[in-house]
Amino acid sequence: MAELPQSRHLATEIPGPKAQELAKRRASSVAAGVSSLMGTYAVRSQDGIVEDVDGNRLIDLGSGIAVTSVGASAPAVVDAVQTQVAELTHTCFMATPYEGYIAVAEKLAELAPIRGELRTALFNSGAEAVENAVKIARTHTGRQAVAALDHAYHGRTTLTMALTAKSMPYKHGFGPFAPEVYRIPGSYPYRDQLDGAAAAERSITTLEKSIGAGNLAALILEPIQGEGGFIVPAEGYIKRIADWCKENGVVFIADEIQTGFARTGAWFACEHEGVEPDIITTAKGIAGGMPLSGVTGRAEIMDSVHSGGLGGTYAGSPVSCAAALAAISTMESQDLSDRARQIEQQVVAQLKTAQEKNPRIGEIRGRGAMLAIELVDPATGAPDAQLTNTAAEAARSAGVITLTCGTYGNVIRFLPPLTISDELLSEGIGVVVDAIAEV
């Protein structure tokens, strides 16, 4: 593929004429429940740029929701996929296994922030990983109840919808949901004003009084909440919750689907907290854009499931496994964890300058290249979803892929590829900041 210029360029308005034609075709063929943030259609991408059907080049501040961390169409990933496709596309690991699956499991055991002997099972999506982690925890403990936090997002399947906190658009009208799933308060420092110890005691009181430790198979949390608003818990919160789980024989599951693979400036966000989970779920950035997810955990927990109890027809596809090995190798050779930390320094400095001029930016938060701003009414601190949506749409029209999130719909999140240039990153953030100021 020819090199894609790493510069923003608007050849037409967004959406352009070709995108509008595709929108008409889409309306008559694609289910209405499948939505898209951008009003245009991609044809190719490299590093920090996505090109659309009308020749517009867009700055990518979303990475396909934290997926193309090694850069879109990363050369090593492309080479690995092309080679694997020519040799073996599919046999189903449950029928005729292959080495790539084992190699990925070995690599995850090496990288996961869990000591001791580990095991891994591979799947296709983050929701599948979460669902299977819960199955494994229930089998290991013989208990049924599972706890998740306020503002959590864990997927769209029946079980993971129950774990997810936000109703619209993820749960509305889709019930009834899986039973024995309980919601507990977490840590949201900007809004609850609690330190880590106080927030943890509030959570533990709910666990003990509303569920009972003896009934609880697992507690699952995101070390930094994603869809909930890129909420970084107060210092010490996760460590205290993990310790309580250990004391009570509860499987502690870290959902690192969005935070994993160098995104936060470490291989996994748990490492920032000095926390060692029992099980870790991974997906998104694991395979450079190919569908793959994993459940990695302590051998005694993972091996408690009977033979044949885990798997799936496409789970651990040989093509996705090849992509994952190439993506992880790229992260290692280019030290993308360090690059994520550099991105944090650059973006936070730029956002702080904007915040000094605009009190509607209530908080800047996140870690590494997983950053966000919460937009509020400066007089009351109330969430301002209208400002958020209007500013994000303006940035998209200006050629910057901009994602929102948050339980209250008032957070703009930044998930650039870790390979994006400083210049392109600064320009993209600048467009978003200007859009907020101009609304």
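What follows draws every value from the coordinates through simple rules; no lab data is involved. Worth saying up front: this structure is predicted, and the values here are computed from it rather than measured. Because the Cβ atoms are built from the backbone with ideal geometry, glycine has one as well, and the counts that use them run over all protein chains shown.
Descriptive notes on the structure:
- When only the Cβ of Lys, Arg, Asp and Glu is charged (+1, +1, -1, -1), the dipole of the chain relative to its Cα centre reaches about 1000 debye.
- The spread of Cα positions in region 24-95, taken along each principal axis and listed from longest to shortest, comes to 40, 29, 21 Å.
- Simple spin-label estimate for T83 and A11 in nanometres, 7 Å along Cα-Cβ: 3.4
- For region 140-285: rounded, prolate or oblate by the Cα gyration tensor [a/c cutoff 1.5]: rounded
- Value of D in µm² per second that Stokes-Einstein yields for region 77-333, Kirkwood Rh from Cα pairs, at 20 °C (1.002 mPa s): 116
- When R341, R44 are arranged by Cβ crowding within 10 Å, least crowded first, meaning fewest neighbours, the order is R44, R341.
- Footprinting exposure proxy for F93, F261 (fewest neighbouring C-beta atoms within 10 Å first): F93, F261
- Region 307-439: C-alpha pair distances exceeding 19 Å, %: 56
- Here, region 204-306 has an Rg and a Dmax of 14.2, 43 Å when only alpha carbons are counted.
- Each residue of region 345-355 was assigned a 3J(HN,Hα) from its phi angle through the Karplus curve 6.51 cos²θ - 1.76 cosθ + 1.60 (θ = phi - 60°); the sequence is 4, 5, 5, 4, 4, 5, 6, 5, 4, 5, 5 Hz, with glycine and proline shown as x.
- With helices as the sole contributors, the chain gives -11500 deg cm²/dmol at 222 nm; each DSSP H run of n ≥ 4 counts as -39500 (n - 2.57), and the sum is divided by every residue.
- The separation of region 1-70 from region 153-208, counted between C-alpha centres, amounts to 33 Å.
- Comparing E110, E131, E276 in a Gaussian network model of the chain, where Cα atoms under 10 Å apart are tied by springs, the biggest mean-square fluctuation is seen for E110.
- Annotation: amide H-H contacts under 5 Å for L415 (H modelled 1.01 Å from N, sequence separation of 5 or more, or interchain): G62.
- Per-residue HN-Hα couplings for region 2-14 [Karplus 6.51, -1.76, 1.60; θ = phi - 60°; Hz; x = Gly/Pro]: 5, 4, 8, x, 8, 8, 6, 8, 10, 7, 9, 5, 10
- Taking the fewest neighbouring Cβ atoms within 10 Å as the starting point, the ordered list for H9, H172, H272 is H172, H9, H272.
- FRET efficiency for Y190 and E356, using Cβ-Cβ distance with R0 set to 22 Å, rounded to 0.05: 0.80
- In sequence order, region 218-233 has phi-based couplings of 8, 10, 10, 8, 8, x, 10, 5, x, 4, x, x, 6, 7, 8, x Hz under the Karplus curve 6.51 cos²θ - 1.76 cosθ + 1.60, θ = phi - 60°, and Gly or Pro positions carry x.
- Percentage, to the nearest whole number, of Cα pairs in the chain over 26 Å apart: 56
- Multiplying the residue separation of Q20 and A382 by 0.36 nm and subtracting their alpha-carbon distance yields 126.7 nm.
- Residue with peak Gaussian network fluctuation, the chain [Cα springs, cutoff 10 Å], from G62, G409, G142: G142
- Comparing F177, F230, F414 in a Gaussian network model of the chain, where Cα atoms under 10 Å apart are tied by springs, the biggest mean-square fluctuation is seen for F177.
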